[in-house]
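Everything on this sheet refers to the single structure shown next.
The values are calculated or read from the model by the stated rules, or taken from the named source; none is laboratory data. Since this is a predicted model, take the numbers as computed values, not measurements. We place every Cβ from the backbone using ideal geometry, glycine too, and count neighbours over all the protein chains shown. The accessibility values were calculated without ligands, DNA or RNA, using every heavy atom of the protein model including side chains. Shrake-Rupley method; radii C 1.70, N 1.55, O 1.52, S 1.80 Å.
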Amino acid sequence: MYELVFVIYWLVQGYCTCDVHIGYQVSLAIPTSYCRGFMGRAFLMETENQMVPNFRAAISVEANNEKYTCSLDVLLGDVKVWSSGHLSQFYTIDKCVLQLTQYGDLLLTGQDDRVGWKAGTSGQGVKRLHLLGTGNLVLVDALNLIKWQSFNFPTNVMLWGQRLSSRTRLTAFPSNNSSLSYSFEIQYDKIALYLYSGKSKYSYWEYTPVDLDGLNITYVELSSNALEIFNNENHRIGRIKSDKLEPLRFLALENITGNLGFYYYSSDKGKFEASYQALNTTCDLPLSCKPYGICTFSEKCSCIRLIKRGDGLLSDCTENVTERFCGRNESQMLQLQGVMSVLRSNPYKVNVSKEVCANLCLDNCTCVAALHFSLEDSEDDHTKPGECYLYGLARGVKQIQRDGRLSYMVKVPAGTDQDHDKHSHWKKRIPIVVGVVDGIVLLLVLGGIGYYVIRKRRKPCADSTGHSN
């Protein structure tokens, strides 16, 4: 099967390099039937006298989930760096219309003039829509005072010269139909990447400046070679540098992986490339594997095969093994050796034992996994106190060298392990299957090399006439 992807561009009549004024309107027709992969754009304006590639503003119609979305976008080359539909998509039929009304409001409308998005600037004296050289799309009045700007509504991209404060954040979404989302946030003492799952929030990367000196982080700004961090006295207190000399054009929070990257434009390759990434290994990504999957030393994913439902082992990591299993009579905790989660949150409880931590998860119907961290090796003594972390999802799990201070446990149906102690609600020191899998792979590779060497040595030599000796 071949998938046809239609990309259609229009140059709007009156397409200019400056701005558009009140009374302006442009419309895009929407296909009468759904065409997977369809995308149509009408470009409104572009920046000039700028390094390649430049910024362009456009209205876009895209096929999505058997429907069509209508949005106002800003593009840097072919990269979408801002969109009106980032947080809430506007689905429409028949047409997609952008207009700057006589009252100074910027609107996107669809069939029957239904409003799907607006800037909310009616009655503020707006005279025109302008695209700045920084990529900031602005609505200004007769005195060129900004009444609305796209920089105040960041998406998953931060442009060169743009500031991000503690009141704003970058957001990204791994899929359209998921309750999961990523964010890049500025806290008073650090900047961090977070994974949101329902009402729960987990960090998976953090950077703390060394020169805080008792002051709070106020904002960050992307310069030509680094992400600069400033305090409330506008003094730079930290920076994360690019690994390349080429000037940075934007910072992006990746929708699929949740990784944070700096990007420059490679003239030789004609595309944007990363010059810095916050997370450099697959297993450090929060969603590197499916639910109940473990990212191994070889950066491959393997399911936790110890979990049973009915008479057989689970064969798919995505199965909801905790469904309908809540409380100590219906569920138990299985401890996995040599694994931990890259997801972090504030401790649910401190100064509690491993067994108490396990029971806290069992009694919490939203908990599916728990991590107990002790300052001392507690592998053979589950009474030692430590910090207890509860998780509402079994994601971000990776294989590590065994550490007796860490105990990662998952909630499973009661009776999953036949050797389970009937007087306890958790099973100690269960070796993870993925370690065995990696060992088998290594053994097969080494065995293959050994077989080749032996065969090579046993192969008889041929003389110059082609006969064996």
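The table below gives the values:
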item: Unmet requirement for His235, which otherwise passes all of (1) touching a residue at least 24 places away in the same chain (Cβ under 8 Å); (2) over 26 Å from Val368 (Cα atoms); result: (1)
item: Members of region 113-159 found to be over 30 Å from Tyr264 (Cα atoms), open to solvent by 10 Å² or more (accessible area, probe 1.4 Å) and polar (S, T, N, Q), listed by number; result: Ser122, Gln124, Asn144
item: Criterion: more than 19 Å from Ser200 (Cβ to Cβ) and modelled with pLDDT of 90 or more - qualifying residue of Glu379, Glu319, Glu355, Glu387; result: Glu355
item: Residue match in region 157-170 (condition: modelled with pLDDT of 95 or more and more than 26 Å from Asp243 (Cβ to Cβ)); result: no
item: Residues that are of a type in the set (D, E, K, R) and out of contact with any strand residue (DSSP E or B) (no Cβ under 8 Å at 6 or more places or on another chain), drawn from region 178-234; result: Lys199, Glu233
item: Qualifying residue in region 40-49 (condition: exposed (fewer than 14 other Cβ atoms within 10 Å of the Cβ), under 16 Å from Leu132 (Cβ atoms) and either polar (S, T, N, Q) or touching a Ser or Thr at 6+ places or on another chain (Cβ under 6 Å) (or both)); result: yes
item: Lone unmet requirement of (1) surrounded by 15 or more Cβ atoms within 10 Å (Cβ to Cβ); (2) under 21 Å from the mean Cα position of the chain (by Cα); (3) under 21 Å from Leu87 (Cβ atoms) for Tyr204; result: (3)
item: Enumerated strands (runs of 3 or more DSSP E) restricted to region 62-112, each holding at least 2 residues that are open to solvent by less than 10 Å² (accessible area, probe 1.4 Å) and touching a His at 6+ places or on another chain (Cβ under 8 Å); result: none
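For every residue, the table says whether it meets (1) touching a residue at least 40 places away in the same chain (Cβ under 8 Å); (2) crowded, with 17+ Cβ neighbours inside 10 Å; (3) basic (Lys, Arg); (4) part of a loop (DSSP other than H, G, I, E, B).
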site: Glu376; (1), (2), (3), (4): no, no, no, yes
site: Tyr389; (1), (2), (3), (4): yes, yes, no, no
site: Ala394; (1), (2), (3), (4): yes, yes, no, yes
site: Gln401; (1), (2), (3), (4): yes, no, no, yes
